[in-house]
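One structure is given here, and the rest of the page talks about it.
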Amino acid sequence: QVQLVEFGGGLVQAGGSLRLSCVASGRTFSSYAMGWFRQAPGKEREFVAAIGWSGQTYLQGSARGRFTISRANAKNTVYLQMNSLKPEDTAVYYCAAGNVNYNYFSDNAYDYWGQGTQVTVSS
């Protein structure tokens, strides 16, 4: 069993930056793929970014060039650095973990989820 806790959400003006952190319990963190998803009001949850156990990264199209995902296995932590934020990035951001080998973009591929952290970008 893995428990995930997200940190770092908040209110920021358009063009600003935030760094989200997700801390995982358990001793097998390094073997999991980690993902970030988000859900805006009235919309379905969508993929934002993922990082495999080997460190390979995947980003949603709108996140490329603005967001960076990274992991620190020694700290059981995955990060999402978000720059040049836009009002349309406003959502609850969720961290996820799973034994994902290829379908990083699907939330069905992940087994464990955090409670989410709110990100609000004002215009």
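The values are calculated or read from the model by the stated rules, or taken from the named source; none is laboratory data. All of these numbers come straight from a predicted model, not from anything done at the bench. As a convention, Cβ positions derive from the backbone with ideal geometry for all residues, glycine included, and neighbour counts pool all protein chains shown. Quick note on the areas: whole protein, heavy atoms, side chains included, nothing else; ligands and nucleic acids left out. Shrake-Rupley method; radii C 1.70, N 1.55, O 1.52, S 1.80 Å.
Count neighbours as other Cβ atoms within 10 Å of each site's Cβ, and list the trypsin sites (Lys or Arg not before Pro) in region 34-71 that are DSSP loop with at most 13 such neighbours.
Answer in residue order: K43, R64.
How do E44, E6, E88 rank by accessible surface area computed with a 1.4 Å probe, from largest to smallest?
On the way: E44 155, E6 10, E88 125 Å².
The ranking, largest first, comes out as E44, E88, E6.
Rounding to the nearest 20 debye, state how big the charge dipole of region 1-65 is about its Cα centre with +1 on each Lys and Arg Cβ and -1 on each Asp and Glu Cβ. Don't skip to the answer; put the middle values down first.
On the way: 6 positive and 3 negative charges, 11 e Å.
Taking the Cα centre of region 1-65 as origin, the dipole is about 60 debye.
Under a point-charge model restricted to the Cβ atoms of Lys and Arg (+1) and Asp and Glu (-1), what is the dipole moment magnitude of the chain relative to its Cα centre, in debye to the nearest 20?
Here the size comes out at about 300 debye.
Any idea how far apart K75 and Y102 come out in nm if each label point goes 7 Å out from Cα toward Cβ?
Using points 7 Å along Cα→Cβ, the separation is 3.4 nm.
Subtract the Cα-Cα distance of R19 and R45 from 0.36 nm times their separation in residues, and report this length gain in nm to one decimal. Don't skip to the end; give the middle numbers.
On the way: separation 26, 0.36 × 26 = 9.36 nm, distance 1.97 nm.
Contour length minus Cα-Cα distance gives 7.4 nm.
Antiparallel versus total DSSP beta bridges in the chain: what percent is that, nearest 5?
Rounded to the nearest five, the antiparallel share is 90 percent.
Once Cα extents along the principal axes in Å is worked out from the coordinates, which option in (i) 41, 28, 23; (ii) 41, 25, 25; (iii) 50, 25, 23 does it equal?
Here the calculated entry is (ii).
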